[in-house]
1. THR227: more than 20 Å from the chain's Cα centre (by Cα), free of Cβ contacts under 8 Å to residues at least 60 places away in the same chain and not in a helix (DSSP H, G or I), yes or no?
2. Working only within the range 135-156, note down all residues that are farther than 17 Å from LEU295 by Cα and in contact (Cβ under 8 Å) with a residue 40 or more places away in the chain.
3. The conditions are (1) within 21 Å of the chain's Cα centre (by Cα); (2) not in a helix (DSSP H, G or I), and LYS247 fails exactly one of them. Which is it?
4. Restrict the check to the range 134-142 and report whether at least one residue is surrounded by fewer than 18 Cβ atoms within 10 Å (Cβ to Cβ), within 16 Å of the ligand (Cβ to nearest atom), β-branched (Val, Ile, Thr) and part of a loop (DSSP other than H, G, I, E, B).
5. Could you list, in sequence order, all residues of the range 222-233 that are under 22 Å from ILE86 (Cα atoms) and either near the ligand (Cβ under 9 Å from one of its atoms) or surrounded by fewer than 18 Cβ atoms within 10 Å (Cβ to Cβ) (or both)?
6. Can we say LEU209 is crowded, with 18+ Cβ neighbours inside 10 Å and near the ligand (Cβ under 9 Å from one of its atoms)?
7. Among the residues of the range 76-115 satisfying the criterion of being assigned to a strand (DSSP E or B) and not small (Gly, Ala, Ser), which is farthest from LEU224 (Cα to Cα)?
8. Would the range 195-217 turn up any residue that is of a type outside the set (D, E, K, R), over 30 Å from ASN285 (Cα atoms), assigned to a helix (DSSP H, G or I) and touching a Pro at 6+ places or on another chain (Cβ under 7 Å)?
Amino acid sequence: MLITFFLRVCEGTIFFGKMRLHTHLPYKYKKMILCKKVEDITKFITEKAANGNIIGFVPTLGALHNGHISLVTAAKIQSQLVVCSIFVNPTQFNDPKDFEKYPVTLDKDIDLLEKAGCDVLFLPSVTEMYPDGTSLKNHYDLGYIETILEGKFRPGHFQGVCQVVNRLLDIVAPDNLYLGQKDYQQCMVIKKMIGLKGLKTKIIICPTLRETDGLAMSSRNMRLNDTERREAVIISQVLAFIKKEIKPGYLQDLKLRCVHILEAEGYKVDYVEIANADTLEIQENWDGKTKLVALVAAFLNEVRLIDNMLIE
Ligand code: AMP
């Protein structure tokens, strides 16, 4: 079919270019299966799992880049069936403007996933994911991990993340779940949620992919203008600075120096923190032995960027 491929997610309809096809997903695009309904994907995966296939799962918000694709590649090495989801989950956006402005590049995403060898793409609608509405029904007892860093600056964010990931894991029931170190705290939150729910899924954390200048790849980078894009690299430079300059003892001065560097470059800083890499406990002093992670979140005008670096 020589029609430019363009798919928009809406109930029971696929758009090819200007043609509107009332069709039932799952739809096969080249080799990849596209599913929109929970019933369809569950049936497909259950059959594959019953035949002994290892299922690898990569959940995303879409607007895909090579960082996301690196998770698909890692999943392909260890699984017989790679499932990816694209769902801009409304319950994890504490800021409605951030939700509205979240980039959507679905046709490009589908092409990237097909080329990366993803087997199944799940594209649910909000009603499919939240048949009883988006007000949160479950509370996840995340404890300390939810009170710091992203949890502190984005109230309710991690409850929304747990809600959607829990639902996706119930639907896909993967053996392995692939997450990016880029969202360090999110990896720990999801690990905790999996423990609380007693799920069998194993978490595999993949390294952060960066642009050549060091900027961590992120869907939000698409929202940066040329000047902001050049300035965005400072976040990773600040993390590298911490890694180079850190010494055993009091850490507050180093953190403050980094806040000042970012502010001098026009950033509005949410936090620059140094934490225990295993527990995320914020460190005021370093014994020189504990494995650490440095984490930054800051706004460059309208765009909020986060990044982290391990200090070993
Ligand atoms: P998102 O679509 O931003 O929710 O990201 C989906 C998954 O991709 C999450 O597990 C992220 O941590 C991961 N991810 C995002 N950016 C990167 C990156 N630059 N390198 C590796 N993984 C990433």
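Every number in this text was worked out from the coordinates using simple rules, so none of it is lab data. What you see is a predicted model, and the numbers here were worked out from it, not measured in a lab. All Cβ positions, even for glycine, are placed from backbone atoms using ideal geometry, and neighbour counts span all protein chains on display.
1. Details: more than 20 Å from the chain's Cα centre (by Cα): yes; free of Cβ contacts under 8 Å to residues at least 60 places away in the same chain: yes; not in a helix (DSSP H, G or I): no.
Here the answer is no, as THR227 does not meet what is asked.
2. To start, the set of residues in the range 135-156 that are farther than 17 Å from LEU295 by Cα comprises 135-143, 155-156.
Listed by number, the residues that qualify are LEU136, TYR140, ASP141, LEU142, GLY143, PRO155, GLY156.
3. With (1) within 21 Å of the chain's Cα centre (by Cα); (2) not in a helix (DSSP H, G or I) applied to LYS247, the lone miss is (1).
4. Filtering the range 134-142 for residues surrounded by fewer than 18 Cβ atoms within 10 Å (Cβ to Cβ) gives 134-139, 141.
Remaining after also requiring within 16 Å of the ligand (Cβ to nearest atom): none.
Within the range 134-142, none of the residues are surrounded by fewer than 18 Cβ atoms within 10 Å (Cβ to Cβ), within 16 Å of the ligand (Cβ to nearest atom), β-branched (Val, Ile, Thr) and part of a loop (DSSP other than H, G, I, E, B).
5. Of everything in the range 222-233, just one residue is under 22 Å from ILE86 (Cα atoms) and either near the ligand (Cβ under 9 Å from one of its atoms) or surrounded by fewer than 18 Cβ atoms within 10 Å (Cβ to Cβ) (or both), namely MET222.
6. On the way: crowded, with 18+ Cβ neighbours inside 10 Å: yes; near the ligand (Cβ under 9 Å from one of its atoms): yes.
Here the answer is yes, as LEU209 does meet what is asked.
7. Taking the range 76-115 as the starting set, the residues that turn out to be assigned to a strand (DSSP E or B) are 81-86.
Those left that are additionally not small (Gly, Ala, Ser): 81-84, 86.
Working: LEU81: 35, VAL82: 31, VAL83: 30, CYS84: 26, ILE86: 22 Å.
Selected residue: LEU81.
8. no
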